[in-house]
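Each remark here refers to the structure printed beneath this line.
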Amino acid sequence: MNEILEIIEQDPKKDPSEIALLTGYSEKEVQTRIKELEDSGIIRKYKAVIDWDRVGEEYVYAIIELKITLGDRSGYDKIAHRIASFNEVRSIRLISGDHDLSLTVRGQSMKDVAFFVAEKIATLDQVQNTVTHFVLKTYKEDGVPLFEQEKSRRLAISP
Amino acid sequence: MIDIKKTLSDKIKTVPPSGIRKYFDMVIGMDDVISLGVGEPDFVTPWHIREACIYSLEKGFTSYTSNSGLIELREAISDSFHNDYGVDYNPEDQVLVTTGVSEAADLALRAVVNPGDEVILHEPCYVSYKPGIILSGGTPVPVSTTRDNEFRLTGEQLEGAVTDKTKAIILSYPNNPTGAVMRKQDLEEIADVVVEHDLLVISDEVYDKLTYNGKHTCFSSLNGMEDCTILLNGLSKSHAMTGLRVGYAMGPPGLISAMLLIHQYTMLCAPITAQMGAIEALRNGEADMQAMVREYNRRRRFFVTGLNRLGLDCFEPRGAFYAFPSVESTGMTSSQFAEELLQQQKVAVVPGGVFGQCGDGFLRCSYASGLDELKTALERIEEFLS
């Protein structure tokens, strides 16, 4: 099971017949297992890692840290779910340290992002303060380096 | 002007040139070659190990080390064998760190071989053993292993090769170039013959961590074998550290000290930077190693199935990262196959005959390459065969 996941995490486009060859399971078994993994929510979604800079799409990303005051009966989950509902929010995590929640936000411009934080996030009752860090450059995303790797210097023939 | 031919020693003239050289020269200058001819991992040394090397340089560790190697490294090596195989070697006088396993093999041979001594080796095998035996003044006695027996050496074959001049046998499983492994019962057969004739075993187990479908048996873990075995190993294959050159030899103190004697007057010590990396590899490298083994295993299944589908009969290799298919069905010799495949389809493989005559008719194909490359290689071989 983990073997299949490890392969899919690397390459979600891999054909079940090829996964079968790689793992030693039959193609049918691979299909059944993948279906199970999808149905049970272990596989949440198949996604591509895109270097938008190369497309010329000038998205602006920001990491925003929030200090939260918890209400009488609501925990972090409730406020986190609420913030997660905004399309602009790409990720949201409960973190340790000075702040409580860490968000990644994507917008079309800096103004766009600043506006979103000021209008939508800072105004929430439980949000005590916000710190916004604009992303200047992304070097690695989801385990994928976005810079050119040096070519291997391995010899073509060796004993 | 000196006459070069007259200047060379008689001994060096008896060492046959490496059969691999020719293919190396052919590949040079060719573009877009997919190489299955490589005897090393395609992975780069895991970053935490490289980082340890860098840090050691930053701290200014650039001196010689003890001839035997850093004691912390010898301790880490000793601990790993205790944990993995239940064999105990004292890091003080039973472990010698060398510049790769090749140096360790050379030291072992030079420490024990007298002129006229015979050293048995099973073929196909790594290209260095035979020249190593010749250079140390001994006579190599090759024993041919066969496809039918999945390239294992049997006790009977060994017994048949023993004479009153036999000094030692070189065992090398998991095997380069065949990917063959020896099960525990196979090794026990060998141990029986070793005991009967008081042989020394030089066991090169550098691929021990790369086994699939079953754990490797360390030869010196067999009953009574620790006292008559020089165990050779290193970090090149298990931790993708080939170019850093860290190997080691372990064995009875008397033998290790004899090897140390040669080592201290020739190599002095393995490079300290690489030794520092090796300590990190042995202490914290297990997870990276396991991930690499899982990846090799996938490629192995994929590639061996692919070869068999193309009609290149290949037994299931259970160790190292080589497949050893037969080209019999094509009617070609293995050299012919390899040369034409390279010229027509730009896929480099090494003909089996390079690893001993009995390897003729087979190819060594390394699957230590990315999956996409293996896929393209299979497509090109298919094109070549059609």
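The values are calculated or read from the model by the stated rules, or taken from the named source; none is laboratory data. For clarity, every value in this text was computed on a predicted model and none was experimentally measured. Cβ placement follows ideal geometry from the backbone for every residue including glycine, while neighbour counts extend to all protein chains displayed. Accessible surface areas use protein heavy atoms only, side chains included; no ligands, DNA or RNA. Shrake-Rupley method; radii C 1.70, N 1.55, O 1.52, S 1.80 Å.
Pop out a list of residues from region A:131-156 that are at least 50 Å² less accessible with all the protein chains around than in their chain alone; 1.4 Å probe, no ligands or nucleic acids counted.
SASA drop of 50 Å² or more in region A:131-156: A:Arg154, A:Ala156.
With a/c under 1.5 counting as rounded, go ahead and sort region B:1-91 into rounded, prolate or oblate using the C-alpha gyration tensor (a ≥ b ≥ c being the square roots of the eigenvalues; past the cut-off, prolate if a/b is larger than b/c, else oblate).
Prolate, since a/c reaches 1.5 and a/b exceeds b/c.
In square angstrom, what is the accessible area per residue of region A:7-99 with a 1.4 angstrom probe?
On a per-residue basis, region A:7-99 sits at 71 Å².
With chain B treated as a Gaussian network of Cα nodes joined by springs under 10 Å, which of B:Gly254, B:Gly311, B:Gly352 yields the largest mean-square fluctuation?
Sorting by GNM fluctuation, first place goes to B:Gly254.
May I ask for log10 I(q)/I(0) of chain A at q = 0.10, 0.12, 0.18 Å⁻¹, from a Debye sum over the Cα atoms as equal point scatterers with solvent left out?
With no solvent term, the Cα-only Debye profile gives -0.58, -0.77, -1.11.
Please compute the modelled spin-label separation between A:Asp142 and A:Arg73, points set 7 Å along Cα→Cβ, answer in nm with one decimal.
3.9
Please list, by residue number, everything in region B:73-95 whose backbone N is under 16 Å from a paramagnetic label point 7 Å out along Cα→Cβ of B:Gln264.
It comes to B:92-95, nothing else.
Defining a contact as two alpha carbons under 8 Å apart and six or more residues distant in sequence, what relative contact order in percent does chain B show?
Relative contact order here is 24 percent.
Could you list the GluC sites (Glu not before Pro) in region A:29-59 that lie in coil according to DSSP, counting only those with at most 15 other Cβ atoms within 10 Å of their Cβ?
A:Glu57, A:Glu58
Can you tell me the relative contact order of region A:56-139? Whole percent, Cα pairs under 8 Å, sequence separation 6 or more.
Result for region A:56-139 is 46 percent.
Under a GNM of chain B (C-alpha, springs under 10 Å), which listed residue has the highest mean-square fluctuation: B:His197, B:His216, B:His122?
Top of the fluctuation ranking is B:His197.
Which whole-number percent is the relative contact order of chain A (Cα, under 8 Å, 6+ apart)?
22
Rounding to the nearest 20 debye, state how big the charge dipole of region A:56-139 is about its Cα centre with +1 on each Lys and Arg Cβ and -1 on each Asp and Glu Cβ.
120
Take the Cβ-Cβ distance between B:Thr7 and B:Thr139 as r, set R0 to 25 Å, and report the resulting FRET efficiency rounded to the nearest 0.05.
Once rounded, the FRET efficiency stands at 0.50.
How charged is the neighbourhood of B:Gln343? Take every other residue with its Cβ under 15 Å from the Cβ of B:Gln343, and add Lys/Arg as +1 and Asp/Glu as -1.
Once positives and negatives cancel, what remains is -3.
Using the Karplus curve 6.51 cos²θ - 1.76 cosθ + 1.60 with θ = phi - 60°, work out ³J(HN,Hα) for each residue of region B:156-164 in order, rounded to whole Hz, and write x for Gly and Pro.
4, 4, 5, 3, x, 9, 6, 10, 6
B:Glu156 label point, 7 Å along Cα→Cβ, cut-off 18 Å on backbone N: hits in region B:179-210?
Label zone hits: B:183, B:185-194.
Sum up the charges of everything whose Cβ sits under 9 Å from the Cβ of B:Arg294, counting Lys and Arg as +1 and Asp and Glu as -1, but leave B:Arg294 out.
-2
Any chance you could get the radius of gyration and Dmax over the Cα atoms of region A:13-70, in Å?
Radius of gyration, then largest Cα-Cα span, for region A:13-70: 19.0, 53 Å.
Within the set of other residues whose C-beta is less than 12 Å from the C-beta of B:Ala105, count the net charge using Lys and Arg as +1 and Asp and Glu as -1.
Counting the neighbours of B:Ala105, the net charge comes to -2.
Over all directions, how big on average is the projection of the convex hull of the alpha-carbon atoms in the protein assembly as shown, in square nanometres?
Spelled out: convex hull of the Cα atoms, projected over all directions, averaged, 33.4 nm².
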